[in-house]
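Structure, as structure tokens:
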Amino acid sequence: MALSTSFRSNLIKPLTALTALSSTQHLRRPFSSSVDDSTALTIETSVPFVGHKCEPPSRNVETTSKELLGFFHDMALMRRMEIASDSLYKSKLIRGFCHLYDGQEAVAVGMEAAITKKDCIITAYRDHCIYLGRGGTLVECFSELMGRQAGCSKGKGGSMHFYKKDSGFYGGHGIVGAQVPLGCGLAFAQKYSKDETVTFAMYGDGAANQGQLFEALNMAALLDLPAIFVCENNHYGMGTAEWRAAKSPSYYKRGDYVPGLKVDGMDAFAVKQACRFAKEHALKNGPIILEMDTYRYHGHSMSDPGSTYRTRDEISGVRQERDPIERIRKLILSHELSTEAELKNIEKKIRSEVDDAIAQAKESSMPDPSELFTNVYVKGFGIEVAGADRKEVRGVLP
Amino acid sequence: MAAIFQGIGAAAALPSTEKFHSQSRRFVSARKGSLFVVRSDGRPSLGSSPRSRGAQHLITNAVAAKADASATSTASKPGHELLLFEALREGLEEEMDRDPRVCVMGEDVGHYGGSYKVTKGLATKYGDLRVLDTPIAENSFTGMGIGAAMTGLRPIIEGMNMGFLLLAFNQISNNCGMLHYTSGGQFKIPVVIRGPGGVGRQLGAEHSQRLESYFQSIPGIQMVACSTPYNAKGLMKAAIRSENPVILFEHVLLYNLKERIPDEEYVLSLEEAEMVRPGEHVTILTYSRMRYHVMQAAKTLVNKGYDPEVIDIRSLKPFDLYTIGNSVKKTHRVLIVEECMRTGGIGASLTAAITENFIDYLDAPIVCLSSQDVPTPYAGTLEEWTVVQPAQIVTAVEQLCQ
């Protein structure tokens with residue numbers, strides 16, 4: 001990919017004596033150097049954007065070295081968390097449904113880079129990494145997955161119901177497509193309060209065939225709501241490939257009168273550019289659809305091996321050619337912002353961070369039986385309620 | 001107080017000029033600005049300012065009020081007369097004035113003024129965004145209202161007919177009811193979902209549905225049913241102010257009920273039942289339109305020497321077991337009269353609740369009169385037979401009190 005190399009002199013300012021050396025080992029500045037944090041870079045996206053009823057943004061993305069390294073760290077953290085969740089599920093500490101996001105990290109990370117915490121994100125059940133991106137902690141994640149009190153929803157939500165109100169993360173929804181009208185409502189409230197913020201309502205290629213999506217598109221366009229509809233197209237709706245479920249798999253065009261943009265969802269910078277563009281568009285002109293062309297390595301959920309409807313070659317092919325973390329790693333190395341060894345170090349640190357969080361989450365307590373009846377209503381009625389046998393668990397609806 | 005019932009399209013089932021006595025209202029005149037929550041047993045409970053007990057006078061309505069007695073109380077009680085849909089609108093307007101976050105969304109609520117005129121004039125006053133005309137997309141505009149509520153707005157979602165809200169069942173059940181719980185208390189959903197339901201005048205099966213029975217198991221929501229202009233306005237205001245999602249069930253045939261309601265601001269309690277007529281022999285529990293059938297039957301019963309206690313339960317979820325229980329303890333016999341279907345209806349749950357809690361006080365099994373488990377037919381006579389009629393109520397009481 002094309003690189004802009006005009007910044008070289010900035011990089012090696014403290015080591016002017018060694019400018020003559022061409023070997024790379026001695027010239028690398030340490031990973032955590034604060035001198036060149038805001039070194040400006042321009043990265044070109046992997047493929048150009050394709051627009052529907054709109055002018056696609058430029059392929060060149062402005063970024064900084066700090067952001068680039070941040071992307072690597074965040075995506076590696078998300079990847080590690082999902083892999084750890086996989087093993088936790090297999091050791092039966094996580095039960096029920098567990099939908100993993102590995103492979104799609106670039107969407108979460110790129111989106112965060114383009115928006116603020118006042119903008120709202122709402123997504124479906126593949127929400128662990130988006131929660132992390134919105135500022136959630138690993139301990140809260142793992143505790144919720146294991147059903148502990150310390151979880152982000154006090155253990156009462158589970159994998160599909162992560163929420164973080166103070167950073168505008170509205171979940172976390174189990175029913176396919178139902179979150180899109182909710183997203184419309186968030187955008188409605190933003191327009192009502194004249195916030196100058198936007199909502200990203202995310203859904204998958206499977207949900208793109210839901211009627212309520214088109215109802216929501218119609219309303220959003222009619223009312224000029226600042227809603228951005230993000231289709232995370234990982235090409236499979238559980239076991240059904242997109243060409244078997246949709247007559248028109250160009251999800252970015254499905255909005256018809258709503259403009260759309262097709263984005264390479266494995267390229268965090270493309271995602272960032274698209275989200276920034278979409279935010280500007282939505283605030284001025286109303287809704288827009290972003291189709292993120294992405295891929296999930298795991299199956300639909302932990303009960304799905306993921307190989308009955310696609311070949312292992314396909315999965316490993318994508319992993320080799322389009323993996324989002326590898327792309328960032330190559331970018332970092334070619335811009336000489338860090339070394340292989342340092343990046344490996346970061347990954348090792350992340351691994352231990354995740355292991356610590358899991359250990360902490362394992363220690364935390366299960367919810368108290370009285371929690372069965374809390375948060376049913378906001379205001380209490382003092383109604384007596386009881387568990388099934390009417391003896392063991394009793395409480396008052398608080 | 002006289003409430004004149006005017007049925008829509010004067011069909012034969014009920015005479016069009018029946019006088020009913022709504023005898024449950026206890027008034028407390030308020031000083032400016034303070035707010036009263038009126039309890040069904042007449043004890044006023046002051047919502048926000050316990051100090052202003054000064055100039056109160058309680059008007060209690062007599063049990064078997066004759067026409068002249070009600071005339072006197074009318075004269076001494078200023079207020080204003082209006083129809084039930086106007087009372088709903090008044091409550092809505094007062095709340096929209098009071099809190100800028102309150103907004104309305106539904107089909108034809110804005111420019112058209114609402115298919116039952118409940119939102120007439122509001123769009124010109126508050127604007128098109130605040131009184132939003134939605135496309136015919138119940139699932140998504142209910143979802144939109146719930147999403148807006150998650151951020152702090154207080155939408156009132158109108159279903160043009162309650163039956164249409166079946167299309168929004170997923171949003172109401174999963175998102176509206178459960179989000180407070182599954183988010184560990186992070187999000188409140190202060191929506192009000194309202195609309196007319198119930199059996200009308202030959203509206204056909206799909207437009208005569210009683211959704212109380214379908215929604216009653218959803219955890220996290222509250223359900224109330226209004227039956228008079230007085231309680232319609234009070235419940236509307238209470239529902240809007242409640243932090244919980246509330247489903248307010250109105251009835252198609254009750255919109256033109258006329259009643260005199262107080263000028264002062266009042267908010268009723270969402271979880272309270274209303275004592276319509278105190279009595280000694282039998283407790284009749286009812287709600288919504290069946291209240292009027294019961295009161296008509298009550299006149300016949302009084303003439304025959306029975307003294308029924310009639311309670312309009314108003315709160316369908318949760319039940320006001322306090323009021324109901326006190327009544328059961330007094331009379332020891334219960335008759336439930338409802339418009340819901342027999343299977344899995346409100347009456348069925350109420351029967352179970354009363355049996356579980358008050359079995360020792362019952363002298364006879366609880367009798368539950370509900371609508372037939374059939375789709376409501378179009379033909380007038382058939383439709384009459386699907387719903388409980390006053391004659392059946394009289395027979396049931398006579399049998400119960402043997």
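Does A:Leu213 meet the test of being in contact (Cβ under 8 Å) with a residue 12 or more places away in the chain, out of contact with any Pro (no Cβ under 8 Å at 6 or more places or on another chain) and within 12 Å of chain B (Cβ to nearest Cβ)?
On the way: in contact (Cβ under 8 Å) with a residue 12 or more places away in the chain: yes; out of contact with any Pro (no Cβ under 8 Å at 6 or more places or on another chain): yes; within 12 Å of chain B (Cβ to nearest Cβ): yes.
Answer is yes for this residue.
On the basis of being on the phi < 0 side of the Ramachandran plot, modelled with pLDDT under 95 and in contact with a Ser or Thr (Cβ under 7 Å, 6 or more places away or on another chain), does B:Thr323 make the cut?
Details: on the phi < 0 side of the Ramachandran plot: yes; modelled with pLDDT under 95: yes; in contact with a Ser or Thr (Cβ under 7 Å, 6 or more places away or on another chain): yes.
Considered against the rule, which asks whether it is on the phi < 0 side of the Ramachandran plot, modelled with pLDDT under 95 and in contact with a Ser or Thr (Cβ under 7 Å, 6 or more places away or on another chain), B:Thr323 comes out as yes.
Suppose we filter the stretch A:179-204 for residues that are surrounded by 24 or more Cβ atoms within 10 Å (Cβ to Cβ) and either among the hydrophobic types (A, V, I, L, M, F, W, C) or more than 7 Å from every other protein chain (Cβ to nearest Cβ) (or both); how many remain?
Our first condition is that a residue be surrounded by 24 or more Cβ atoms within 10 Å (Cβ to Cβ); within the stretch A:179-204, this holds for A:179-190, A:198-204.
Of the ones still in play, those that are also either among the hydrophobic types (A, V, I, L, M, F, W, C) or more than 7 Å from every other protein chain (Cβ to nearest Cβ) (or both) are A:179-180, A:182, A:184, A:186-190, A:198-204.
Of the residues in that region, 16 qualify.
Name the residue that is nearest to the other protein chains (Cβ to nearest Cβ), counting only residues in the stretch B:242-252 that are within 17 Å of B:Leu82 (Cα to Cα) and crowded, with 24+ Cβ neighbours inside 10 Å.
Per the criteria, the residue is B:Glu250.
Across the stretch A:105-123, which residue is nearest to the other protein chains (Cβ to nearest Cβ) among those that are surrounded by fewer than 24 Cβ atoms within 10 Å (Cβ to Cβ) and either part of a loop (DSSP other than H, G, I, E, B) or aromatic (Phe, Trp, Tyr) (or both)?
We begin by selecting, within the stretch A:105-123, every residue surrounded by fewer than 24 Cβ atoms within 10 Å (Cβ to Cβ); these are A:113-118.
Of the ones still in play, those that are also either part of a loop (DSSP other than H, G, I, E, B) or aromatic (Phe, Trp, Tyr) (or both) are A:115-118.
Details: A:Ile115: 16, A:Thr116: 15, A:Lys117: 14, A:Lys118: 11 Å.
It comes out as A:Lys118.
Just to verify a result, which residue in the stretch B:173-212, among those that are assigned to a loop (DSSP other than H, G, I, E, B) and in contact with an Asp or Glu (Cβ under 7 Å, 6 or more places away or on another chain), is surrounded by the most Cβ atoms within 10 Å (Cβ to Cβ)?
That would be B:Gly198.
Among the residues of the stretch B:361-384, is there at least one that is surrounded by fewer than 16 Cβ atoms within 10 Å (Cβ to Cβ), of a type in the set (Gly, Ala, Ser) and under 29 Å from B:Gln222 (Cβ atoms)?
Scanning the stretch B:361-384, I find no residue that is surrounded by fewer than 16 Cβ atoms within 10 Å (Cβ to Cβ), of a type in the set (Gly, Ala, Ser) and under 29 Å from B:Gln222 (Cβ atoms), so the answer is no.
Which residues, counting only those in the stretch A:160-178, are more than 8 Å from chain B (Cβ to nearest Cβ) and within 16 Å of B:Phe187 (Cβ to Cβ)?
Taking the stretch A:160-178 first, the residues more than 8 Å from chain B (Cβ to nearest Cβ) are A:160, A:162, A:166-169, A:176-177.
A:Met160, A:Phe162, A:Asp166, A:Ser167, A:Gly168, A:Phe169 - these are the residues of the stretch A:160-178 that are more than 8 Å from chain B (Cβ to nearest Cβ) and within 16 Å of B:Phe187 (Cβ to Cβ).
Is it true that A:Ala221 is modelled with pLDDT of 95 or more, out of contact with any Lys or Arg (no Cβ under 6 Å at 6 or more places or on another chain) and either facing another protein chain (nearest Cβ under 10 Å) or buried (at least 23 other Cβ atoms within 10 Å of the Cβ) (or both)?
No, not satisfied.
Between a residue in the stretch B:178-201 that is farther than 25 Å from A:Asp368 by Cα and within 13 Å of chain A (Cβ to nearest Cβ) and any residue that is part of a loop (DSSP other than H, G, I, E, B) and among the small types (Gly, Ala, Ser), which pairs come within a Cβ distance under 7 Å, given they are 6 or more apart or on different chains?
B:Pro190/B:Ser242
Can you find even one residue in the stretch B:279-289 that is more than 18 Å from B:Ser370 (Cα to Cα) and either assigned to a strand (DSSP E or B) or not acidic (Asp, Glu) (or both)?
So far as the stretch B:279-289 goes, yes, one or more of its residues are more than 18 Å from B:Ser370 (Cα to Cα) and either assigned to a strand (DSSP E or B) or not acidic (Asp, Glu) (or both).
Kindly indicate whether A:Gly157 is part of a loop (DSSP other than H, G, I, E, B), facing chain B (nearest Cβ under 8 Å) and touching a strand residue (DSSP E or B) at 6+ places or on another chain (Cβ under 9 Å). Spell out the reasoning first.
Numbers: part of a loop (DSSP other than H, G, I, E, B): yes; facing chain B (nearest Cβ under 8 Å): yes; touching a strand residue (DSSP E or B) at 6+ places or on another chain (Cβ under 9 Å): no.
Judged against the criteria, A:Gly157 is not a match.
Can you give me the number of residues within the stretch B:217-254 that are within 20 Å of A:Asn375 (Cβ to Cβ) and polar (S, T, N, Q)?
Number of matching residues: 4.
The values are calculated or read from the model by the stated rules, or taken from the named source; none is laboratory data. Everything numeric here is computed off the predicted structure, so don't read it as measured data. Note that we place each Cβ from the backbone using ideal geometry, even for glycine, and neighbour counts take in every protein chain shown.
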